[in-house]
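Only one structure is covered here, and it is reproduced in the block below.
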Amino acid sequence: MSKTTGDKSKPPPSSSVSRATLLSPFLLLAFIFSIAVFYFIDFSWYVSRVQDHEHSDTNQKISALEKTRERLPFAVGEGNNGCDLFSGRWVRDYDRPLYEEWECPYLEPQTTCLEHGRPEKDYQYWRWQPDGCSVPSTTLTLYKIHVRFNCFNATLMLEGLRGKRMMFVGDSLNRGQFTSLICLLQRIIPQHAKSIQTSGSLTVFTAKEYNATIEFYWAPFLLESNADNPFKHRVRDRIIRNGSVDKHGEHWKGADILVFNSYIWWISGLRILLQGSFEDEVKEIVDITREDGYHIAMKSLVKWINTNVDPQRSRVFFISMSPTHQRSYKWGGDENGNCYNETTMIEDPSFFGAKKSLMRPSRHLERAFVLQAF
């Protein structure tokens with residue numbers, strides 16, 4: 001009897017656990033929360049499907065408009081507007097170089113340092129680092145090892161240039177930029193689908209499958225000068241012809257991207273041809289300061305751009321100054337030295353390395369670009 005009475009007064013263990021589970025406030029709240037989350041996710045999925053269905057026609061129309069709209073080359077305003085790419089420093093980067101000398105058949109002899117006996121390769125491992133931001137790069141993690149890849153994508157750039165004409169205009173500085181760019185791009189183009197031709201001052205690299213050209217036009221003063229021969233231009237008495245930008249400009253018309261540069265040729269003595277041509281026996285030539293000559297060139301270039309370039313379909317860039325490297329005392333080196341055997345970057349951030357007086361005339365370009373919305 002006592003055993004029977006005890007069994008009736010004390011429930012079985014399993015019943016006690018079940019009752020405790022049902023009465024536990026924490027588990028009850030967890031159950032309610034899980035149900036709410038489940039139905040919220042399900043409801044959100046349903047709403048998103050309805051919204052996608054309702055807006056599908058609108059999205060298709062927008063996509064069609066974007067496809068039919070003419071794409072501007074290197075359109076302004078799509079990048080990080082707060083990044084000043086021009087204030088920075090050179091840093092070591094051993095993921096470089098992006099191409100080797102032997103890989104590019106378009107390098108000229110004066111730029112093949114290793115082929116001509118340079119004993120070290122440290123000059124190839126530098127990268128520009130802006131002060132306030134970073135040039136985009138890609139990092140891939142493989143087995144806990146972080147590998148950074150340079151962001152340059154030849155295929156992406158060629159797609160951006162599809163059906164376009166890009167032209168560099170100026171002196172050997174821009175010729176170097178032109179050559180380096182085609183060296184970066186040509187590696188992914190089959191031999192039969194690329195070509196390069198030179199005719200006078202114009203060199204044209206063609207990516208046939210992209211219907212794109214990258215070109216270089218030799219015009220060290222931008223104006224007509226007695227240094228316009230792309231192969232024989234070492235003249236001591238440099239002369240420019242006033243009002244003559246149109247002679248070269250005829251070759252620039254129709255380019256979708258124009259990259260101008262002009263600086264180093266203005267440093268030496270200069271004269272200007274006011275009347276007649278270089279071939280005339282009788283002509284009027286007078287001395288001119290570098291600042292006045294540069295002002296004339298910039299003013300002529302701005303006028304040509306405003307007349308011949310459509311800002312709705314083209315882009316214009318201007319590279320103004322390149323540091324001189326003839327006198328090493330200017331960067332703290334030997335009083336009688338030059339750039340020979342210099343293998344590291346100048347670390348002094350205050351070193352300018354160019355004639356600041358020529359910056360004032362170049363502001364004509366800056367104002368013109370703002371007004372024309374380049």
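Some notes on this structure:
- Taking all protein chains as they are arranged and a probe of 1.4 Å, the heavy atoms of PHE317 leave approximately 90 Å² accessible to solvent.
- For GluC sites (Glu not before Pro), the sites in the stretch 191-270 that DSSP calls loop and that have at most 10 other Cβ atoms within 10 Å are GLU250.
- For the pair the stretch 253-306 / the stretch 319-362, the C-alpha centres are spaced 24 Å from each other.
- Taking 0.36 nm per residue of separation and subtracting the Cα-Cα distance, full extension of the segment from SER357 to ARG236 would add 41.3 nm.
- Only Lys, Arg (+1) and Asp, Glu (-1) charged, at Cβ; the stretch 192-316 dipole about Cα centre in debye: 360
- Accessible area of HIS251 (1.4 Å probe, protein heavy atoms only, ligands and nucleic acids ignored): about 80 Å².
- Note that the stretch 157-170 has calculated 3J(HN,Hα) couplings of 5, 5, 5, x, 8, 4, x, 10, 10, 10, 9, 9, 10, x Hz, one per residue in order, obtained from phi through the Karplus relation 6.51 cos²θ - 1.76 cosθ + 1.60 (θ = phi - 60°); glycine and proline are x.
- Note on LEU98: accessible area is roughly 50 Å² with a 1.4 Å probe, heavy atoms of protein only.
- Over the stretch 211-347, accessible surface divided per residue gives 55 Å², non-protein components excluded, 1.4 Å probe.
- Cα gyration tensor shape of the stretch 176-317, rounded if a/c is under 1.5, else prolate or oblate by comparing a/b with b/c: prolate
- Gyration tensor (alpha-carbon) shape descriptor, the stretch 194-274, a/c threshold 1.5: prolate
- Bridges between two residues of the stretch 199-355, per DSSP, are antiparallel at a rate of about 55%.
- Carbon + sulfur, % of accessible area of the stretch 188-287 - ligands and nucleic acids excluded, 1.4 Å: 46
- For the pair ASP287 and TYR106, label points projected 7 Å from Cα toward Cβ lie 4.3 nm apart.
The values are calculated or read from the model by the stated rules, or taken from the named source; none is laboratory data. In this text, all values refer to a predicted model and were calculated from it rather than measured experimentally. Cβ: placed from backbone, ideal geometry, glycine included. Neighbour counts: every protein chain shown. The accessibility values were calculated without ligands, DNA or RNA, using every heavy atom of the protein model including side chains. Shrake-Rupley method; radii C 1.70, N 1.55, O 1.52, S 1.80 Å.
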